[in-house]
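Input: a single structure, listed below in structure tokens.
Each reported figure results from applying straightforward, stated rules to the coordinates on display, with no laboratory input. Note that the structure is a prediction, hence the values are computed from the model and not measured. Don't worry about glycine lacking a Cβ; one is built from the backbone with ideal geometry, like all the others, and counts go over all protein chains shown.
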Amino acid sequence: MADDYILQTHDLTKEFKGFVAVNQVNLKVRRGSIHALIGPNGAGKTTCFNLLTKFLIPTTGRIVYDGADITRESSAHIARRGVIRSFQISAVFPHLTVLENVRVALQRKLGTSFHFWRAERSLDALNGRALELLAAVDLDKYAKLTAVELSYGRKRALEIATTLAMEPKLMLLDEPTQGMGLEDVDRIKQLIKKVAADRTVLMVEHNMSVVASLADTITVLARGATLAEGPYAEVSKNPAVIEAYMGSAGAELKGAH
């Protein structure tokens, strides 16, 4: 049933001066699931993500979100529909407090971001909701710290809080655990599981242990095309997938259960 899927692509293709970065990808993201997009370096994951979030326009193919064709819509328009993306590099305001970072995101949702003449205290009405969101990502006790004082893992948690402030139906996470130590990886992994309880998550992720423990469905890309799709237990045993990752990466794929 089409209604089972919040996001679908139909022969999604992107060419750059003759180079095919994404080649006829048919993606189906089930509502309420965690869906991982994986593949070796150069597989087309980031380009695919940029197509889905409208930072790039497809050469051919269609993108359907929640029953509507969004192929030609702007990134701002789809954000208003509830498609919200986090980035590979932490994107927080370093010299604002943790609370103020979330408040900025809430203010954007209210449409008052450019009301520069309003007193700062007029935003205090947003504090209650901001603290709720910080509590959801276990950052409420850091509310008064400036973001620059947070560890890298907690900055990523703050970014997830600001993403949640935009009330996403579909949350797209780009390498959420990149560059983290084991403790931070575990924290973000638990956080993703928590926020996915009442929304859909699509993520690009290199850490196979994260993918194995979180993803309901995995799509493997190689050379811009879909190589395999299914649950981790099935995909990780696929000879073509293991070959695509080669050597140690393939061994990691099999050993991440």
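Quick notes on this one:
- Averaging the sequence gap over all C-alpha pairs within less than 8 Å and six or more residues apart, then dividing by the number of residues, gives segment 136-257 a relative contact order of 18 percent.
- Secondary structure note: in the chain, about 55% of the DSSP beta bridges are antiparallel.
- Distant-in-sequence amide H partners of residue 71 (H built 1.01 Å from N, under 5 Å): 63
- Two-site FRET efficiency, residue 237 against residue 216, from Cβ-Cβ distance with R₀ of 22 Å, rounded to 0.05: 0.80
- Normalised by the number of residues in the chain, the mean separation of alpha-carbon contacts (under 8 Å, six or more apart) gives a relative contact order of 26 percent.
- Sites residue 16 and residue 152 - FRET efficiency at Förster radius 35 Å, r taken between beta-carbons, to 0.05: 0.65
- 0 to 90° range, to nearest 10: angle between helix 98-110 axis and the chain longest Cα axis: 80
- In order through segment 17-24: 3J(HN,Hα) via Karplus (6.51 cos²θ - 1.76 cosθ + 1.60), integer Hz, x for Gly, Pro: 6, x, 8, 8, 7, 10, 10, 6
- 28 Å Cα-Cα reach of residue 193 towards lysines, excluding residues that sit fewer than 8 places from it in its own chain: 28, 45, 54, 109, 141, 144, 155, 169, 237, 254
- Net length gained if the chain between residue 124 and residue 206 were fully extended (0.36 nm per residue, minus Cα distance): 25.6 nm
- Listed peptides 213-223, 68-78 by packing density, highest first (mean Cβ within 10 Å): 213-223, 68-78
- Fully extended contour minus Cα-Cα distance, from residue 60 to residue 28, at 0.36 nm per residue: 9.8 nm
- Per-residue 3J(HN,Hα) values for segment 177-192, derived from phi via the Karplus relation 6.51 cos²θ - 1.76 cosθ + 1.60 with θ = phi - 60°, read 10, 4, x, 9, x, 4, 5, 5, 4, 5, 4, 5, 4, 5, 5, 4 Hz in sequence order (x marks Gly and Pro).
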